[in-house]
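Please read the structure below before turning to the comments.
The values are calculated or read from the model by the stated rules, or taken from the named source; none is laboratory data. These numbers were taken from a predicted model, which means no experiment stands behind them. Every residue, glycine among them, receives a Cβ derived from its backbone with ideal geometry; neighbour counts consider all protein chains shown. Keep in mind that these areas ignore ligands, DNA and RNA; they rest on the heavy atoms of the full protein, side chains included. Shrake-Rupley method; radii C 1.70, N 1.55, O 1.52, S 1.80 Å.
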Amino acid sequence: MSNQHILIVDQSHKDRIALSKSLEDWGYHVTTVPDGYLALKKIKSETYRLVITNFEIQGLTGPELFQQARTENETLEFLFLSGNASVENAVAM
């Protein structure tokens, strides 16, 4: 699975590290960033299979990141994590 590169976007350093370690234990190559702007910069310069983020991140919001990233790579998959997600947000995506 080492060819599976995942980008984690979360302002919480603790959460980024915990999720990253778990995924690396499963054999994934993981990069972490604290905000949407850095995430978009990474997406433009590297190839990822999956982006794990939440709706409320610093810089670009999760949905804004999704929209802009998909113009760079329309097959890029996103997984949104949130403690306050609404049906409206989920349906809008």
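Criterion first (modelled with pLDDT under 95 and among the β-branched types (V, I, T)) does T31 satisfy it?
It is false that T31 is modelled with pLDDT under 95 and among the β-branched types (V, I, T).
Is it fair to say Y37 is over 12 Å from L7 (Cα atoms), free of Cβ contacts under 8 Å to residues at least 60 places away in the same chain and open to solvent by 40 Å² or more (accessible area, probe 1.4 Å)?
For Y37, the condition - over 12 Å from L7 (Cα atoms), free of Cβ contacts under 8 Å to residues at least 60 places away in the same chain and open to solvent by 40 Å² or more (accessible area, probe 1.4 Å) - is met.
Find the residue count for the stretch 1-20, including only residues that are in contact with a Ser or Thr (Cβ under 8 Å, 6 or more places away or on another chain), assigned to a helix (DSSP H, G or I) and either among the charged types (D, E, K, R) or on the phi > 0 side of the Ramachandran plot (or both).
1
Report, by residue number, each residue of the stretch 21-55 that is in a helix (DSSP H, G or I) and closer than 17 Å to F80 by Cβ. Before you say what the answer is, go through the steps one by one.
Keep residues of the stretch 21-55 that are in a helix (DSSP H, G or I), which gives 21-25, 36-45.
Listed by number, the residues that qualify are L23, G36, A39, L40, I43.
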